[in-house]
Amino acid sequence: MNKLKQLLVLFGGLFLFAGCSFPGLASNSSEDTIAITGGITTESQILGSLVAGMIEHYTDKETTIINNLGTTNITHQAMLRGDADIASARYTGTDLTTTLLLEPTKDPQEALEIVTKEFKERYNQVWFPSYGFDNTYVFLVRKDTAEKYGLKKVSDLKDIANELVVGADRAWMTREGDGYDGFKEAYGFEFSSILPMQIGLVYDAVDAHRMDVVLGYSTDGRIASYDLVMLEDDLQFFPPYDASPVVSQKVLDDTPGLEDAIKRLAGTIDTTKMQELNYESDNNLVEPSIVAERFLEEHHYFEEDAQ
């Protein structure tokens, strides 16, 4: 993966609302270089590097990874404008409700079929099969908090909602469908003190007792590292969030071998493995690109007969 170039780009939503293109991104995608969105989370950056590694080994293209695009909407706009060719981590439940503005479904296969069909028809983008894991939202508490209040499921928070300081993903707080408004309607209560946060900061915040409850991602390695308790979504509010790469049809048409290279990653990473990869980066401080490279080498993806 010696050709792999990591490009760190910090953006606010201003460019989207102003109708402007993303400065500097357009030049990163060319006939010889494929631009991949890595995202703001460790997970999305690892997946971005996995996709890049496969592309550089199995095609004649080089890659550029655009990290730190902070929301699904920003990533989506980058793809629509042609500033990016591949989104390495798109999640069925998120795009179903926030991008397509459709009703959520509890059926993972139905969700996958809908986003696959709609992304092709609306955006001429190909939604690939899942990597093999579902990264759903999950409410997390420390063990002492769980024991103090007898917490096992989300509904258990209702009677103590006014006593808790809660931290939640900033994007989740305002989005339609599976966001906070939908949560309040489904569960019938709201928190008196809930603070919007960058998703990557919530784990440290609850571990350091700055928060009582946080909303995190189920595949984050810090759940095990901090010995946090996951509360069961007993009303099944959150839809499936199976992770997949999404690729523009144009770059698929222009790049022989690209489709097969990306499909090699389908169904190969389950939830436990994704937690392990995230933990390696977040806890052991290994760069996401190195975590990805080790995974590909250890699982023989760089061998011509690898499946």
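The values are calculated or read from the model by the stated rules, or taken from the named source; none is laboratory data. Model, not experiment: these values are computed from the prediction. Using ideal geometry, Cβ is built from the backbone for each residue, glycine included, and neighbour counts are taken over all protein chains shown.
So which of His76, His57 ends up being out of contact with any Leu (no Cβ under 9 Å at 6 or more places or on another chain) and assigned to a helix (DSSP H, G or I)?
On the way: His57 fails: out of contact with any Leu (no Cβ under 9 Å at 6 or more places or on another chain).
Testing whether each residue is out of contact with any Leu (no Cβ under 9 Å at 6 or more places or on another chain) and assigned to a helix (DSSP H, G or I) leaves just His76.
Would you please name the residue that is surrounded by the most Cβ atoms within 10 Å (Cβ to Cβ), looking only at residues in region 183-226 that are free of Cβ contacts under 8 Å to residues at least 24 places away in the same chain and closer than 18 Å to Glu163 by Cα? Step by step, filter region 183-226, then rank; the result is Lys184. Residues in region 36-60 that are among the hydrophobic types (A, V, I, L, M, F, W, C), surrounded by 24 or more Cβ atoms within 10 Å (Cβ to Cβ) and farther than 13 Å from Leu277 by Cβ: Ile36, Val51, Ala52, Met54, Ile55.
Within region 164-182, the set of residues being in contact (Cβ under 8 Å) with a residue 24 or more places away in the chain and surrounded by fewer than 17 Cβ atoms within 10 Å (Cβ to Cβ) comprises Arg170, Glu176.
Residues considered: Leu101, Leu80. Of these, the only one that is at pLDDT 95 or above, farther than 25 Å from Gly132 by Cβ and surrounded by fewer than 16 Cβ atoms within 10 Å (Cβ to Cβ) is Leu80.
In the condition set (1) surrounded by 14 or more Cβ atoms within 10 Å (Cβ to Cβ); (2) among the small types (Gly, Ala, Ser); (3) more than 18 Å from Ser44 (Cβ to Cβ), Gly267 is compliant with all but (1). Note on region 233-259: residues that are in a loop (DSSP other than H, G, I, E, B) and not polar (S, T, N, Q) amount to 10. Kindly check whether there is at least one residue in region 106-118 that is farther than 26 Å from Thr42 by Cβ, among the β-branched types (Val, Ile, Thr) and crowded, with 19+ Cβ neighbours inside 10 Å. Yes; the residues of region 106-118 include at least one that is farther than 26 Å from Thr42 by Cβ, among the β-branched types (Val, Ile, Thr) and crowded, with 19+ Cβ neighbours inside 10 Å.
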